[in-house]
Every structure is written in structure tokens, then in C-alpha cells.
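All of the numbers you see were taken from the coordinates with simple rules; none came from a lab. Because the structure is a prediction, the values reported are computed rather than measured. All Cβ positions, even for glycine, are placed from backbone atoms using ideal geometry, and neighbour counts span all protein chains on display.
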Amino acid sequence: MPVAAFEGEVIVVDREEQVADAVAYLKQQRTIGVDTEARPSFQRGTHYPTALVQIATHERCYLFRLTHIGMPTALAEVFADPDICKVGLAFRDDINGLRRRRNFTPANCVDVQSMVARYGILDLGLQKIFAICFGRKISKTQQLTNWENSHLTPEQARYASTDAWATLLIYEDLLQHTPLTNEDVAALVREEKERMIAHQQEIQDQRLREQGIEPPPHMTPEERAAHQAERRREARKRKRQRKKVKGEK
């Protein structure tokens, strides 16, 4: 699968005097792709503040280094502007991280993860969604690098801009298609659940065969539902019997 990467202009904003021009450009846009990065934590319970917020259009991506400039008021205003559609993935976490830097009331922020099921996509990861939409993959090799370093490497800058740009492309691509009905989405989810159950059963069967044991015959989804209903009835019956015996004592 070919690799996709952002090929537009990447502008690192690490000085306060750069913010005004960057925000002026962003306020001219109708839709922008957003992502954030933080220093990776390898210890349970340890979290680091958002170090970088990247905001992309088709032609340009700004990398705001919050470790250098904080969360400027003008940038917070972009996220609070209802006339600019901000698109992200797992966006609630990104927005909350930014609000811990400077509080604002987010407006017109769209999470791609909340959309994809209506277009027949059940995967929630950026890589998989992008591959389904475009038949290309995006690299995640820089994800666990240190985003608080004094300087971003060219590889970090390209990775960060690609993620924000990819989210924008996915959003625009989804809007070109007709969403599924709620009934179709529910059916798709059931099919995926049954597929996963069948896959797990296949793995269990293979383990039994490796032990020289012939796997038992499988039940159809209808038989499995009936079997589970019968087990629930038996459990309720045993519960009533225990109560009866306890009462007699």
C-alpha cells in the first residue's frame, strides 16, 4: 500500500510574534484539520501537557509549539469560532488538553470517529480509516518521539502535519457519500460482532486441534441466542429455588 504524506507548506510557530499571521490565515478558512501531540509517557498515571497543536488546510499546516508560546488567546478564539469547522479524531481528548492550557468554549468541532460508522467504517484508528478511504497508509513512526524537544526534526514536522491533513481529507471524503440509515449501521455492527465471534471461535478450535481434541460443533447465531436465553431462564429458576429454601429455614 503506498504511503501518503502532507506535501504542502509546514510552518512552525514557536515565537509569539508569529501567532497573529498564522491565526489570520486560519480565520479565512471554512474547514481545518486538527491534531495534537504530547510527550509520550511510559509510566502508568503520568501524563504530560499538550506540547503541539497542528492545524492543516490542503496547502498549509501550522505547528503551534505550546511548550514555547503557551496557548495564545488568539488561537483559543479559533477553536471557539462557530464559523470555522474544526475536524479532529478522538477530538474530545485534544480539546480538553488545549483547554487545560487556556480555557475556552469550543464551537463547531467535529470528531471523525463519531461519523465513520454511518459510512460503513467500524475502525476508529486514523491509519485504518485513511486506508479504507484512500487506499494509502500514513506513517506513525514518529508518534512516540519527544514533542518537547527544543527543536522539531523534519520527520516530526512531517508526521504531525500529515495527521492533521489526513483528518481533514477523511472528513471531506465522507461528506461526498450518502450516510447509511440507523438500521443499516445496526446491521453492520451485528455482522462485525458475529465475524469477531467466529474468528475467536476459529482460534479456539485451532488450539484444541493442536492438543489433539476435535472441536465441538458450532451454533448458529440464532441457536446461540436461544442457548443464552435458556441459560438465563435456568439461572433465574435456581435463584428462586435458593430463596425458597432459605425461606423454609
Qualifying lysines (Cα of each under 22 Å from Cα of residue 27; at least 8 residues distant if same chain): 86
Linear extension gain, residue 148 paired with residue 190, 0.36 nm per residue minus alpha-carbon span: 10.8 nm
The chain: relative contact order in percent, alpha carbon pairs under 8 Å with at least 6 residues between: 22
Placed amide H near residue 139: partners under 5 Å, 5+ positions off or other chain: 4
Cα-centred dipole magnitude for the chain, charges only on beta-carbon of K, R (+1) and D, E (-1), debye, nearest 20: 2300
Cα-Cα separations in the chain greater than 28 Å, expressed as whole percent: 50
Taking the C-alpha atoms of the range 40-145, convex hull volume expressed per residue in Å³: 141
Potential extension, residue 211-residue 122 segment - 0.36 nm per residue separation minus Cα distance: 28.6 nm
Cut-off under 5 Å, modelled amide H: who pairs with residue 61 long-range: 9, 10, 11
Inter-probe distance in nm under a simple model that places probes 7 Å from Cα toward Cβ, at residue 243 and residue 20: 7.4
Note, ³J(HN,Hα) from phi for the range 152-164, Karplus 6.51, -1.76, 1.60, rounded to Hz, x at Gly and Pro: 7, 6, x, 5, 5, 4, 5, 4, 4, 5, 5, 4, 5
Length added when fully stretched, residue 203-residue 233, from 0.36 nm per residue minus Cα-Cα: 7.8 nm
Total formal charge among the other residues, if their Cβ is under 9 angstrom from that of residue 106, Lys/Arg +1 and Asp/Glu -1: +2
